[in-house]
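Data first, discussion second: the structure below is written as structure tokens.
The numbers here are math on the coordinates, done by the rules we state, and not lab data. This one's a predicted model, so the numbers in the text were calculated from it and none came from an experiment. Neighbour counts run over all protein chains shown; Cβ positions are idealised from the backbone, glycine included.
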Amino acid sequence: MRISAAICALTMLLMISTGCGDPIPPQIVPSYLQGLEPPPLNKPWRPIAIKSEETSLNLPRDNQAATLVTQNNKAFRGEVQHIGTVTVDEEGIEFDPKQGKPLRILYRLPPGMLPLPKMQQPAELHIRELSGPGGADRVIMLKQGNALLFSEVWQRAKRPLQVKLIDTFRLQQAPTSEPTREGYTEAEAALYEDDELVAKLPIGKTIDVDTPAGSLQTFVETSHRYVPSKADAEQYPDEYILHAWVARLRSQQPAE
């Protein structure tokens, strides 16, 4: 009995001293483990600084006509009207207003239209860019006095669209001949000086026109009316859509 009690007491003492049964580390380290450093486990993570590079906005990489208005390297949305200095080069249009932040217009003209003439001149700029999920709503109008330098119009309306280019000179849609026909129907587009027809503009073709706003090249990309079916009337509106480009001919130099 005394021997059993002594063994029990010794066992309890060993359990307390070794953490309740944890194995006792060997007192002699094998030769193949001597001199080794413990692995770097559980070291705190140190964040690595990564230099952020600003990405510049560009037009889509295709051959389709396109326009992108930027300000501070961000896509511009809103409506402004400025007087300032315009610089046109191979990379686009830069407009530095007398008041406000500079604007940059990247553009790719439709097939057949020549690039704008290079210049650095006083000019007026009107931009309306409110396009969104509901559809296009864009007007870009760049003028120098009574001469039009560049314009893109992409708008929708319940009635045929009329866009004033300069003074009494305008771009105008005509009502469609079949107002109740469902789907898309082409709407004739033309340039007018007051009530006098200057030129009819075919859809999808570049033509040059001598106008009160100067010698211009024009391209009507879209001009039609959309009439939804009865089933779609609540979701899609009955509306006219006009998307056209008008620009000064490269051969015509801007006034000094």
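When the C-alpha to C-alpha distance is required to be over 26 Å, the pairs from Lys164/Lys200; Lys74/Lys164; Lys101/Lys158 that qualify are Lys74/Lys164; Lys101/Lys158.
Here the Karplus relation 6.51 cos²θ - 1.76 cosθ + 1.60, evaluated at θ = phi - 60°, turns the backbone of segment 59-65 into coupling constants of 6, x, 7, 8, 10, 7, 4 Hz, with x for every Gly and Pro. Extension gain for the segment Asn73 to Ala157, taken as residue separation times 0.36 nm less the Cα-Cα distance, is 27.2 nm to one decimal. The length gained by stretching the chain between Ile203 and Tyr236 to full extension, at 0.36 nm per residue less their Cα-Cα distance, is 9.5 nm.
So, counting K/R as plus one and D/E as minus one, what does the shell of residues with Cβ under 12 Å around Asp238 add up to?
My count for the surroundings of Asp238 gives +2.
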